[in-house]
Amino acid sequence: MLQISEEIAYKGVRKMIGKRMEISGTYPMTYQGMYVDVTDLLALRKRLNAEKGCGLTVNDFIVRAVSLALQRTPIMNSAFNEDMTKINVYSSYNISVMTASDRGLVAPVLKNTQDKDIYQLSAEMKALIEKANSGKLMPDDYADGTFGVTNLGKLNSFDSLPLPQPPQPAIMAACTAKKMPVVVEKDGEDVVAIRMMMKLVIGGDHRILDGVPLASFLNDMKQLLEAPESLVN
């Protein structure tokens, strides 16, 4: 007979997430991935934090880039209406950010990100994490997400097949950045350089999204993250 070392109640946030994922697993998914060079981003983050003491995280850059990339491909920020006769495209870009808190995995929502700069997003995310760690997140903190982000950077995870939380149509996973040999152009010649590369993987509801918007979104993410100054101006 198997010995039980601990019993963990299936309730609360864990059960809520589980029920949503049951729904997500029933519809057709489509995936795409892309490597992004984050060498300059990491250097810019380090410099800004030293000069301004602003405490920017890599995730802050990712969320800011996601907000801008969604605005370039609005269908990524959509969902079915209640009777599934229409696809509603939203003008509010509300990013649900998967967060490992002291009380387990939660997904608070940064709302109306289109109206906020990276410093505002960073401050809001820190406040939500503090609420999550103290068990003070309210239902409104989880509500009305239109797109999901999960950052696996601290987990030494180099690939992912993320599932979106219904009714959100898509979720993007940012995997752990690692040093890789990359062909770059220098003085008109191709040379091999060691760069910090991060894999982005996006999973989308194939009933709403196909390969074109997914590829467009990832290409915009690559452009934005590889020119990180555009994310702080």
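The values are calculated or read from the model by the stated rules, or taken from the named source; none is laboratory data. Every value quoted in this text rests on a predicted model; they were computed, and no experiment measured them. With ideal geometry, Cβ positions are generated from the backbone for all residues, glycine too; neighbour counts draw on all protein chains shown. Please note that ligands, DNA and RNA were not included when accessible areas were found on the heavy atoms of the full protein model with its side chains. Shrake-Rupley method; radii C 1.70, N 1.55, O 1.52, S 1.80 Å.
With protein chains left intact and a 1.4 Å probe, residues in the chain average 54 Å² of accessible area per residue. In a fully extended conformation the segment linking residue 2 and residue 161 would gain 54.1 nm over its present Cα-Cα distance, using 0.36 nm per residue. Summarising the label geometry, the points placed 7 Å from Cα in the beta-carbon direction at residue 192 and residue 180 lie 1.5 nm from one another.
If R0 is taken as 35 Å, the Cβ-Cβ distance between residue 212 and residue 120 corresponds to a FRET efficiency of 0.65. Note on region 109-210: with neighbouring protein chains present and a 1.4 Å probe, carbon and sulfur make up 53 percent of its accessible heavy-atom surface. Report, in degrees rounded to the nearest 10, the 0 to 90 angle that the Cα long axis of helix 12-24 makes with the longest principal axis of the chain. For 12-24 against the chain, the angle is about 80 degrees.
Only helices enter the 222 nm calculation for the chain: every DSSP H run of n ≥ 4 contributes -39,500 (n - 2.57), and dividing by all residues gives -10500 deg cm²/dmol, rounded to 500. Only protein heavy atoms count here; under a 1.4 Å probe, residue 185 has an accessible surface of about 140 Å².
With all protein chains in place and a 1.4 Å probe, the accessible surface of region 12-101 carries 54 percent carbon and sulfur. Straight Cα distances below 28 angstrom link residue 52 to the lysines 111, 116, 126, 131, 154, 178, 179, 222, with same-chain residues fewer than 8 positions distant left out.
Charge tally for residue 80 (other residues, Cβ to Cβ under 11 Å; Lys, Arg +1; Asp, Glu -1): -1. Charge tally for residue 111 (other residues, Cβ to Cβ under 13 Å; Lys, Arg +1; Asp, Glu -1): -4.
Solvent-accessible area of residue 158, all protein chains in place: 90 Å² (probe radius 1.4 Å, heavy atoms, ligands and nucleic acids excluded). Find the relative contact order for the chain and round it to a whole percent, using C-alpha pairs within less than 8 Å whose residues are 6+ positions apart. The value is 29 percent. In this label model, residue 138 and residue 71 are separated by 2.8 nm, measuring between points 7 Å along each Cα→Cβ vector. Counting only other residues whose beta carbon sits under 15 Å from that of residue 63, what net charge do I get with K and R as +1, D and E as -1? Net charge around residue 63: 0.
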